[in-house]
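The values are calculated or read from the model by the stated rules, or taken from the named source; none is laboratory data. Predicted model, so just to flag it, every value in this text is computed and none were measured. Because the Cβ atoms are built from the backbone with ideal geometry, glycine has one as well, and the counts that use them run over all protein chains shown.
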Amino acid sequence: GSKNAQRLAFHVLNMPGDQVRHLADAIISAKENVNYCSCCCTLTDKDICPICASDKRDHSTVMVVETSRDLAAYERTNQYNGVYHVLQGAIDPMKGVGVADIRLKELVKRLESGEVKEVIVATNLGVEGDATALYLRNLIKPLGVKVSRIASGVPVGGDLEYIDEVTLLRALNGRIAPSNQRNPEPKGKA
Ligand code: ZN
């Protein structure tokens, strides 16, 4: 926000010159060295991010999130041991963001490799996140991969990065099929 920007600007103005140069170098180096993980598409300074490269993670479970900030939010829970896929956005027709504009091709490629057994859709709960979740369900189901959606606990319209760990965990543990989220089917039908 503008308040934070102003605070940062005053902070920088009060810093010694050499520290400011150091900070500027760090920003430039981040911009030049950070790219997308060639597996999960999160931001990283390596070809493969540390999570994708780890043999301690369960590579058969993939949580799909919108941004690297959402990934970081789930990592802070210390309870999720699977891996991620970062879409770098959500389907948003009003802003002209279509299925080709987010990292879906990369996800399908991972699913076709056969290693992934379950996908947890953790896009934000809101119009764009829900549309993306529905699209993902229709995309993933024919591939024979189990797909679920984070559920209760996350407020509608809430950005995942601002939600506390307990709420995120409740949402993760209470996940349901994406189709049942908004229009629950009568019991026994499913
Ligand atoms: Zn990765």
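Picking from residues in the stretch 38-56 that are part of a loop (DSSP other than H, G, I, E, B) and closer than 15 Å to Ala72 by Cα, the one that is farthest from the ligand (Cβ to nearest atom) is Cys41. Counting only strands (runs of 3 or more DSSP E) that sit completely within the stretch 62-173, those holding 3 or more residues that are farther than 21 Å from Cys49 by Cβ correspond to 146-149. Being of a type in the set (Lys, Arg), closer than 26 Å to Glu165 by Cβ, in contact (Cβ under 8 Å) with a residue 40 or more places away in the chain and more than 16 Å from the ligand (Cβ to nearest atom) is a description that does not apply to Arg103.
Among the residues making up the stretch 13-69, a single one is touching an Asp or Glu at 6+ places or on another chain (Cβ under 6 Å) and of a type in the set (Lys, Arg): Arg69. Exactly one residue out of Thr67, Thr77, Thr61 is closer than 24 Å to Asp130 by Cβ and at pLDDT below 90: that is Thr77.
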